[in-house]
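Here, each number is a calculation from the coordinates, and none is a lab measurement. Computed from a predicted model, the values in this text were never measured in an experiment. Using ideal geometry, Cβ is built from the backbone for each residue, glycine included, and neighbour counts are taken over all protein chains shown.
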Amino acid sequence: MTIRVICLGNELVGDDGVGIRVGRILADMDFCADVSVDFHMGAIFDVLEFVNRNDRLIFVDALQSDRPPGTVTLMDFSAIAKLPPMPHSIHAVGLEDVLSVAARLYPEKLPTEIAIVGIETASCDRFCNKLSQPVQDAIPTAITIIKELLNA
């Protein structure tokens with residue numbers, strides 16, 4: 001079984017870089033050979049290449065909703081479509097758009113499990129390379145959730 005953890009974001013846009021920061025920590029951990037960690041820092045449609053080649057996908061990304069900054073949320077494929085689009089997003093399209101396209105392009109090849117680990121942000125609308133404190137503090141929780149998903 002192949003599992004791919006895809007870490008999304010842009011480290012130059014404040015809290016939007018949290019997915020990449022989580023990915024760096026995961027990349028330094030020892031997982032079985034069937035687990036790989038990838039980084040995508042902009043062209044979200046690039047992740048389509050992984051959708052039909054893996055049994056499980058775990059996405060890690062910044063999230064903006066009505067929850068407090070630093071809240072870590074685990075969602076499945078159906079839950080992400082219900083989220084409002086991120087305001088001030090630098091992405092032309094969102095993850096939910098890409099997964100919807102994948103479902104139409106590869107209906108017979110979709111992974112059996114698609115999970116999204118979202119970290120609620122404080123700010124994704126300014127250029128800086130630092131995370132806000134609540135988002136920085138949420139990284140260990142996100143790592144724990146991802147490790148539990150990988151061990152399931």
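Within 10 Å of each residue's Cβ, count the other Cβ atoms and sort T144, T2 from fewest upward.
T144, T2
Using Cβ contacts closer than 10 Å as the measure, can you line up D30, D61, D55 from fewest to most?
By the 10 Å Cβ count, ascending: D30, D55, D61.
The list [x] 99; [y] 133; [z] 107 gives values of volume of the Cα convex hull per residue in Å³, and only one came from this structure; which label was calculated from it?
Among [x] 99; [y] 133; [z] 107, the one derived from this structure is [x].
For the pair D38 and A79, how long in nm is the line joining their label points, each one 7 Å along Cα→Cβ?
Placing both labels 7 Å along Cα→Cβ, they lie 2.3 nm apart.
Mind giving me the nanometre distance, one decimal, between the label points for R126 and E113, set 7 Å out from Cα along Cα→Cβ?
3.9 nm
Run the quick spin-label model on L105 and L48: label points 7 Å from Cα toward the beta carbon, then report their separation in nm to one decimal.
Label-label distance for L105 and L48, simple model: 0.3 nm.
How many angstrom separate the Cα center of the range 121-152 from the Cα center of the range 1-56?
The range 121-152 and the range 1-56 have Cα centres separated by 13 Å.
Under the rule of at least 5 residues apart or a separate chain, name every residue whose amide H is placed under 5 Å from the amide H of C128.
Result for C128 returns V13, G14.
I need F59, F127, F77, F39 ordered by Cβ neighbour count within 10 Å, fewest first.
Ascending number of Cβ neighbours within 10 Å: F127, F39, F77, F59.
Below 8 Å between Cα atoms, with a sequence gap of 6+, how large is the relative contact order for the chain in percent?
35 percent
Within 13 Å, Cβ to Cβ, of D38, how many net charges do the neighbouring residues add up to if Lys/Arg are +1 and Asp/Glu are -1?
0
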